[in-house]
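To keep things clear, I will list the structure first and then write my remarks on it.
The values are calculated or read from the model by the stated rules, or taken from the named source; none is laboratory data. Source: prediction; values computed, not measured. With ligands, DNA and RNA removed, areas are computed over all heavy atoms of the protein, side chains included. Shrake-Rupley method; radii C 1.70, N 1.55, O 1.52, S 1.80 Å.
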Amino acid sequence: RLAALADKPELLRSVSRLLDWVTVQTWEEKQARFIAAVEKEKYLVTVLFGVISVVAVFLVGCIFYMIVQQKTRDIGIVKSVGATSLGVAGIFLAYGAAVGVVGGAMGTTLGTLFVWYINNIQDFLAWINPGLQIWSAEVYAFDRIPNEVNTSEAVVIYICAIVASMI
(Lines give C-alpha, C1' and ligand atoms only; values in the text may rest on other atoms or scores of the structure.)
Protein backbone atom coordinates (compact mmCIF):
# COMPACT_ATOMS: atom_id res chain seq x y z
CA ARG A 1 0.00 0.00 0.00
CA LEU A 2 2.85 2.37 0.71
CA ALA A 3 4.17 1.74 -2.80
CA ALA A 4 0.84 2.96 -4.17
CA LEU A 5 1.17 6.13 -2.07
CA ALA A 6 4.67 6.74 -3.45
CA ASP A 7 3.15 7.30 -6.90
CA LYS A 8 0.80 9.97 -5.45
CA PRO A 9 2.82 12.54 -3.48
CA GLU A 10 -0.20 14.77 -2.84
CA LEU A 11 -2.07 11.92 -1.23
CA LEU A 12 1.03 11.08 0.82
CA ARG A 13 1.26 14.67 2.08
CA SER A 14 -2.46 14.66 2.96
CA VAL A 15 -2.09 11.45 4.94
CA SER A 16 1.01 12.87 6.62
CA ARG A 17 -0.92 15.99 7.65
CA LEU A 18 -3.75 13.87 9.00
CA LEU A 19 -1.31 11.83 11.08
CA ASP A 20 -0.09 15.04 12.70
CA TRP A 21 -3.48 15.17 14.42
CA VAL A 22 -3.25 11.62 15.76
CA THR A 23 -1.77 10.86 19.17
CA VAL A 24 -1.20 7.53 20.82
CA GLN A 25 -1.58 7.27 24.58
CA THR A 26 -1.54 4.44 27.05
CA TRP A 27 -4.44 4.22 29.46
CA GLU A 28 -2.12 5.47 32.21
CA GLU A 29 -1.25 8.59 30.19
CA LYS A 30 -4.90 9.17 29.35
CA GLN A 31 -5.99 8.77 32.98
CA ALA A 32 -2.94 10.50 34.50
CA ARG A 33 -5.09 13.14 36.22
CA PHE A 34 -7.18 10.53 38.00
CA ILE A 35 -4.19 8.37 38.88
CA ALA A 36 -2.44 11.43 40.33
CA ALA A 37 -5.51 12.12 42.48
CA VAL A 38 -5.51 8.56 43.80
CA GLU A 39 -1.75 8.78 44.51
CA LYS A 40 -2.27 12.04 46.43
CA GLU A 41 -5.03 10.41 48.44
CA LYS A 42 -2.75 7.46 49.16
CA TYR A 43 -0.08 9.87 50.42
CA LEU A 44 -2.65 11.71 52.55
CA VAL A 45 -3.92 8.46 54.07
CA THR A 46 -0.32 7.41 54.81
CA VAL A 47 0.31 10.71 56.62
CA LEU A 48 -2.94 10.36 58.57
CA PHE A 49 -2.09 6.80 59.60
CA GLY A 50 1.37 8.04 60.59
CA VAL A 51 -0.18 10.62 62.91
CA ILE A 52 -2.53 8.01 64.33
CA SER A 53 0.44 5.69 64.86
CA VAL A 54 2.38 8.38 66.73
CA VAL A 55 -0.62 8.90 69.00
CA ALA A 56 -0.87 5.14 69.56
CA VAL A 57 2.84 4.94 70.42
CA PHE A 58 2.40 7.84 72.85
CA LEU A 59 -0.54 6.06 74.49
CA VAL A 60 1.42 2.80 74.78
CA GLY A 61 4.27 4.80 76.34
CA CYS A 62 1.89 6.33 78.86
CA ILE A 63 0.46 2.92 79.71
CA PHE A 64 3.92 1.47 80.27
CA TYR A 65 4.88 4.47 82.39
CA MET A 66 1.83 3.85 84.56
CA ILE A 67 2.68 0.14 84.79
CA VAL A 68 6.19 0.98 85.99
CA GLN A 69 4.80 3.49 88.51
CA GLN A 70 2.41 0.89 89.92
CA LYS A 71 5.05 -1.84 89.97
CA THR A 72 7.61 0.17 91.95
CA ARG A 73 7.27 -2.09 95.02
CA ASP A 74 7.49 -5.22 92.86
CA ILE A 75 10.63 -3.84 91.18
CA GLY A 76 12.10 -3.21 94.62
CA ILE A 77 11.36 -6.77 95.70
CA VAL A 78 12.87 -8.25 92.53
CA LYS A 79 16.00 -6.10 92.96
CA SER A 80 16.29 -7.06 96.66
CA VAL A 81 16.52 -10.74 95.72
CA GLY A 82 19.43 -10.03 93.40
CA ALA A 83 18.08 -8.83 90.07
CA THR A 84 20.12 -6.19 88.30
CA SER A 85 18.70 -3.00 86.83
CA LEU A 86 19.39 -4.44 83.41
CA GLY A 87 17.41 -7.57 84.34
CA VAL A 88 14.42 -5.48 85.47
CA ALA A 89 14.63 -3.45 82.27
CA GLY A 90 14.73 -6.71 80.32
CA ILE A 91 11.44 -7.77 81.94
CA PHE A 92 9.75 -4.59 80.77
CA LEU A 93 11.35 -4.82 77.32
CA ALA A 94 10.03 -8.37 76.99
CA TYR A 95 6.61 -7.15 78.10
CA GLY A 96 6.74 -4.38 75.49
CA ALA A 97 7.87 -6.83 72.82
CA ALA A 98 5.00 -9.18 73.69
CA VAL A 99 2.49 -6.35 73.43
CA GLY A 100 4.05 -5.27 70.12
CA VAL A 101 4.05 -8.79 68.66
CA VAL A 102 0.44 -9.50 69.62
CA GLY A 103 -0.88 -6.02 68.79
CA GLY A 104 1.11 -5.80 65.55
CA ALA A 105 -0.06 -9.26 64.45
CA MET A 106 -3.68 -8.41 65.20
CA GLY A 107 -3.42 -5.02 63.48
CA THR A 108 -1.63 -6.41 60.43
CA THR A 109 -4.10 -9.28 60.10
CA LEU A 110 -7.19 -7.10 60.51
CA GLY A 111 -5.78 -4.41 58.23
CA THR A 112 -4.90 -6.91 55.51
CA LEU A 113 -8.33 -8.56 55.71
CA PHE A 114 -9.99 -5.15 55.54
CA VAL A 115 -8.01 -4.19 52.44
CA TRP A 116 -8.65 -7.54 50.74
CA TYR A 117 -12.40 -7.30 51.33
CA ILE A 118 -12.84 -3.53 51.02
CA ASN A 119 -14.83 -3.87 47.78
CA ASN A 120 -17.19 -6.38 49.43
CA ILE A 121 -17.59 -4.04 52.41
CA GLN A 122 -18.27 -1.14 50.02
CA ASP A 123 -20.89 -3.21 48.17
CA PHE A 124 -22.52 -4.27 51.44
CA LEU A 125 -22.71 -0.68 52.71
CA ALA A 126 -24.18 0.47 49.37
CA TRP A 127 -26.70 -2.39 49.55
CA ILE A 128 -27.77 -1.32 53.06
CA ASN A 129 -28.04 2.34 52.08
CA PRO A 130 -27.01 3.77 48.70
CA GLY A 131 -25.98 6.97 50.49
CA LEU A 132 -23.20 5.00 52.22
CA GLN A 133 -21.43 4.31 48.92
CA ILE A 134 -18.02 5.90 49.31
CA TRP A 135 -16.30 4.86 46.07
CA SER A 136 -17.65 6.37 42.87
CA ALA A 137 -16.47 4.88 39.58
CA GLU A 138 -17.35 8.14 37.80
CA VAL A 139 -14.94 10.12 39.97
CA TYR A 140 -12.02 7.71 40.03
CA ALA A 141 -12.40 6.04 36.61
CA PHE A 142 -11.89 2.66 38.31
CA ASP A 143 -14.83 0.36 38.84
CA ARG A 144 -13.33 -1.18 42.00
CA ILE A 145 -11.29 0.14 44.92
CA PRO A 146 -7.62 -0.85 44.50
CA ASN A 147 -7.00 -3.47 47.17
CA GLU A 148 -3.46 -4.74 46.81
CA VAL A 149 -1.43 -5.36 49.95
CA ASN A 150 2.30 -4.80 49.60
CA THR A 151 3.76 -7.57 51.75
CA SER A 152 7.12 -5.88 52.29
CA GLU A 153 5.44 -2.66 53.51
CA ALA A 154 3.19 -4.66 55.84
CA VAL A 155 6.21 -6.46 57.32
CA VAL A 156 8.07 -3.15 57.84
CA ILE A 157 5.02 -1.66 59.58
CA TYR A 158 4.70 -4.78 61.76
CA ILE A 159 8.37 -4.55 62.78
CA CYS A 160 7.99 -0.82 63.49
CA ALA A 161 5.03 -1.62 65.74
CA ILE A 162 7.13 -4.06 67.74
CA VAL A 163 10.07 -1.66 68.01
CA ALA A 164 7.80 1.26 68.96
CA SER A 165 6.14 -0.76 71.73
CA MET A 166 9.56 -1.75 73.08
CA ILE A 167 10.84 1.82 73.05
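Quick one: angle between helix 32-70 and the longest Cα principal axis of the chain, in degrees between 0 and 90, rounded to 10, please.
It works out to around 0 degrees.
On a straight-distance basis, which lysines could pair with K42 in a cross-link, Cα separation under 19 angstrom, same-chain partners fewer than 8 positions away excluded?
Counting by Cα, and skipping residues close in sequence, K42 has no lysines nearby.
Heavy atoms only, probe 1.4 angstrom, no DNA, RNA or ligands counted: give me R17, R73 ranked by accessible area, highest first.
Sorted by accessible area, descending: R73, R17.
By how many degrees, between 0 and 90 and to the nearest 10, does the Cα long axis of helix 85-116 differ from the longest principal axis of the chain?
30
Pull up the cross-link candidates among the lysines for K71, meaning alpha carbon to alpha carbon under 30 Å and not fewer than 8 places away within one chain.
In chain and number order, the partners are K79.
Solvent-accessible area of K30, probe 1.4 Å, all protein chains present, reported in Å² to the nearest ten, please.
Looks like 140 Å² after rounding.
Could you please put T151, T112 in sequence from largest to smallest accessible area, using a 1.4 Å probe? Each step should come with its number before you reach the end.
Numbers: T151 95, T112 25 Å².
Ranked from most to least accessible, the order is T151, T112.
Normalise the Debye intensity by I(0) for the range 76-167, one equal point scatterer per Cα, no solvent, then take log10 at q = 0.11, 0.19, 0.23 Å⁻¹ and round to two decimals.
-0.54, -0.92, -1.05
Tell me the label only: which of (i) -0.85; (ii) -0.77; (iii) -0.92 is log10 I(q)/I(0) by the Debye sum over Cα atoms at q = 0.14 Å⁻¹ as calculated from this structure?
Checking each listed value against the structure points to (iii).
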